[in-house]
1. Which of these, THR120, THR84, THR283, has the largest mean-square fluctuation under a Gaussian network model of the chain (Cα springs below 10 Å)?
2. What size of dipole, in debye to the nearest 20, comes out for the chain about its Cα centre when the only charges are +1 on Lys and Arg C-beta atoms and -1 on Asp and Glu C-beta atoms?
3. Within 10 Å of each residue's Cβ, count the other Cβ atoms and sort ILE338, ILE24, ILE32 from fewest upward.
4. Work out the length of the dipole vector of segment 13-61 about its Cα centre, built from +1 on the beta-carbon of each Lys and Arg and -1 on the beta-carbon of each Asp and Glu, and round it to the nearest 20 debye.
5. Report D for segment 122-280 in µm² per second (integer): Stokes-Einstein, Kirkwood Rh on Cα pairs, 20 °C, 1.002 mPa s.
6. How big is segment 196-342 along each principal axis, measuring the range of its Cα positions in Å and listing the largest first?
7. In 10 Å bins starting at zero, report the fraction of Cα pairs in segment 2-344 per bin as a rounded %.
8. Have a look at segment 140-208 and give its Rg and Dmax from the Cα atoms, expressed in angstrom.
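No lab work stands behind these numbers, since they all come straight from the coordinates. Computed from a prediction, not measured in an experiment: that's the story for all the values here. With ideal geometry, Cβ positions are generated from the backbone for all residues, glycine too; neighbour counts draw on all protein chains shown.
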Amino acid sequence: MIDLSRTCEASPLLHAAPGAPEGIWSSEGVAIDAPPDNDIAPEPDAVWRPEAVRSGLCGAVAPRVVALPDGGYRLYYTQLLPRTGFPDGANDYDNSTARILSAFSSDGAAWTPEPGVRLTPQQGGAGEFRVVSGDVVPCLESGGRLRMYYECCDGPQSRQNSIRSAVSADGLQWTVEPGTRFALSNRNLSSPRIAFLDDGRCRLYCGVHGAGIISAVSSDGQRFQQEPGWRITADNRYDHCAAFAPEIMRPAGGKYLMYYAGYGTPQRADILSADSADGLSWTRSPQPVLSPSNEWDAAKCSEMCVIWNPAAQHGEPFRMLYEACDGSTPARRGVWRIISAVCSRNN
């Protein structure tokens, strides 16, 4: 989460959490549902009956949350839809289309989709393909604007793509900035995340398709230089097919904490964790923090965002929103939804 309730400046305070989550994460319910099969061109603020027929044509993924200065939370997320001429939609991800939408919540639990599209693939430089939501943070330069870093994919995942950006004064109307913020030759990048550093720079974390998580640094938020080495390599039991979507937190008095998505096989994803003293060298925890377990995430628990209420007086203040796949279609694909989970202390 990016905590604008603490500061609207580009600062490490944006990632400062009131401690680290302690206990067991458990799924609570659907936060943002996938459009049903009979509404493949939905209004951005449409809602549907839970029992409506869904076969994975459409999906809701890539949750990113901003705590707002005046209270409440805004969720940016990606809606997957069928692209013209490719009726399988999200079940054929490489040929799907995607746009960035938003929702509002007063408490982080119940979410209401907002009218309007935050970013279309055409606006974002992806043509008829996909823009995928990343972090929304204050601009490093003064002026009070927000900058959204997003994944721009103008073709299948086998093609090189890029991380691009857009700016906004209100978090709703976005203007795409010219050029590319970060790209690597012949690589497909995903899930851009920003961490502001104590020296005034910012660090971009992102996934490299099938390989792991890397980072790059910038003094202006626009030109990034890749840092040596890998932050997380995709070579462990739970992530040897993919490691991506790092969620970076700075718990009070502790190390950096990262949650990230790992694919141990193409058909299974878990949410994993790691910690670091410097944000560069990370030590992985041996077991997942959240694994497939229910009707919504029977196949995959993937890209996530952790949110907190700093004013919480009782119990754990943490909640997680994560993309989940129910595995209800061939090859353990299925319906992708955004699910809410809570952290409860061990008894």
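1. The residue that fluctuates most here is THR84.
2. 600 debye
3. Neighbour counts put them in this order, fewest first: ILE24, ILE32, ILE338.
4. Rounded to the nearest 20 debye, it is 100 debye.
5. Values: Rh = 16.1 Å.
For the chosen part, D equals 133 µm²/s.
6. 47, 41, 29 Å, listed from the longest principal axis down.
7. Result returned by the calculation: 6, 28, 39, 24, 4, 0.
8. 13.1, 38
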